[in-house]
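Chemist: Below you'll find the structure I mean.
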Amino acid sequence: MTKNLITATKNNTRKDIIEMMVNKNIHHIPIIKDDIVIGIISPKDLVFKESQDIKEIMSKRLLWPLRIHP
(Lines give C-alpha, C1' and ligand atoms only; values in the text may rest on other atoms or scores of the structure.)
Protein backbone atom coordinates (compact mmCIF):
# COMPACT_ATOMS: atom_id res chain seq x y z
CA MET A 1 0.00 0.00 0.00
CA THR A 2 1.20 3.50 -0.80
CA LYS A 3 2.40 5.45 2.23
CA ASN A 4 2.48 8.87 0.58
CA LEU A 5 -0.90 8.91 -1.10
CA ILE A 6 -1.32 11.57 -3.79
CA THR A 7 -4.73 13.22 -3.45
CA ALA A 8 -6.55 16.25 -4.79
CA THR A 9 -9.54 18.33 -3.77
CA LYS A 10 -12.48 19.66 -5.75
CA ASN A 11 -10.58 22.98 -5.84
CA ASN A 12 -7.79 21.53 -7.99
CA THR A 13 -7.97 22.25 -11.69
CA ARG A 14 -8.14 19.79 -14.55
CA LYS A 15 -4.57 20.87 -15.42
CA ASP A 16 -3.42 20.18 -11.83
CA ILE A 17 -4.80 16.64 -12.01
CA ILE A 18 -3.17 15.93 -15.39
CA GLU A 19 0.18 17.25 -14.14
CA MET A 20 -0.03 15.05 -11.02
CA MET A 21 -0.76 11.98 -13.14
CA VAL A 22 2.11 12.68 -15.53
CA ASN A 23 4.71 13.83 -13.00
CA LYS A 24 3.99 11.10 -10.43
CA ASN A 25 3.22 8.36 -13.00
CA ILE A 26 -0.15 7.55 -11.43
CA HIS A 27 -3.46 6.73 -13.05
CA HIS A 28 -6.09 7.33 -10.37
CA ILE A 29 -6.30 10.23 -7.94
CA PRO A 30 -8.67 10.23 -4.96
CA ILE A 31 -10.58 13.48 -4.41
CA ILE A 32 -10.90 14.26 -0.72
CA LYS A 33 -12.94 16.59 1.45
CA ASP A 34 -12.37 16.75 5.21
CA ASP A 35 -10.12 13.65 5.01
CA ILE A 36 -12.89 11.59 3.36
CA VAL A 37 -12.66 10.31 -0.21
CA ILE A 38 -15.61 11.79 -2.11
CA GLY A 39 -14.59 10.64 -5.57
CA ILE A 40 -11.77 9.48 -7.80
CA ILE A 41 -10.43 10.69 -11.14
CA SER A 42 -8.97 8.43 -13.80
CA PRO A 43 -7.51 9.26 -17.21
CA LYS A 44 -10.78 7.99 -18.73
CA ASP A 45 -12.72 10.60 -16.73
CA LEU A 46 -10.46 13.33 -18.11
CA VAL A 47 -10.80 12.13 -21.70
CA PHE A 48 -14.56 11.62 -21.83
CA LYS A 49 -15.75 14.50 -19.63
CA GLU A 50 -15.07 17.96 -20.99
CA SER A 51 -15.95 19.98 -17.89
CA GLN A 52 -13.27 21.96 -16.09
CA ASP A 53 -15.07 21.43 -12.76
CA ILE A 54 -13.47 18.57 -10.81
CA LYS A 55 -16.80 17.83 -9.07
CA GLU A 56 -18.32 17.06 -12.46
CA ILE A 57 -15.36 15.06 -13.78
CA MET A 58 -14.73 12.73 -10.83
CA SER A 59 -16.38 9.35 -10.50
CA LYS A 60 -18.65 9.45 -7.45
CA ARG A 61 -19.80 5.84 -7.31
CA LEU A 62 -17.77 4.64 -4.35
CA LEU A 63 -18.73 1.42 -2.57
CA TRP A 64 -18.18 2.95 0.86
CA PRO A 65 -16.81 6.19 2.33
CA LEU A 66 -13.08 6.04 2.96
CA ARG A 67 -11.28 8.18 5.51
CA ILE A 68 -7.72 9.33 4.80
CA HIS A 69 -5.59 9.56 7.92
CA PRO A 70 -2.72 12.06 7.89
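Chemist: Taking amide hydrogens as modeled 1.01 Å from N in the peptide plane, which residues meet the under 5 Å criterion relative to G39, leaving out close sequence neighbours?
Modeler: When sequence neighbours closer than 5 places are left aside, the close amide H contacts are I31.
Chemist: Can I ask one more? Short version: ³J(HN,Hα) in whole Hz for each residue of the range 4-15, in order, from phi by Karplus 6.51 cos²θ - 1.76 cosθ + 1.60 (θ = phi - 60°), x for Gly and Pro, what are they?
Modeler: 9, 5, 8, 10, 9, 10, 5, 7, 5, 8, 4, 4
Chemist: Continuing with this model, one more query. Sorted by accessible area (1.4 Å probe), largest first, how do T7, T13 line up?
Modeler: Working: T7 45, T13 65 Å².
Largest accessible area first, the list is T13, T7.
Chemist: In whole Hz, what ³J(HN,Hα) sequence does the range 28-42 give by Karplus (6.51, -1.76, 1.60; θ = phi - 60°), x for Gly and Pro?
Modeler: Ordered by residue, 3J(HN,Hα) equals 9, 10, x, 9, 10, 9, 6, 6, 10, 6, 10, x, 8, 10, 10 Hz.
The values are calculated or read from the model by the stated rules, or taken from the named source; none is laboratory data. Everything numeric here is computed off the predicted structure, so don't read it as measured data. Heads up: the accessible areas ignore ligands, DNA and RNA and are worked out on the full protein's heavy atoms, side chains in. Shrake-Rupley method; radii C 1.70, N 1.55, O 1.52, S 1.80 Å.
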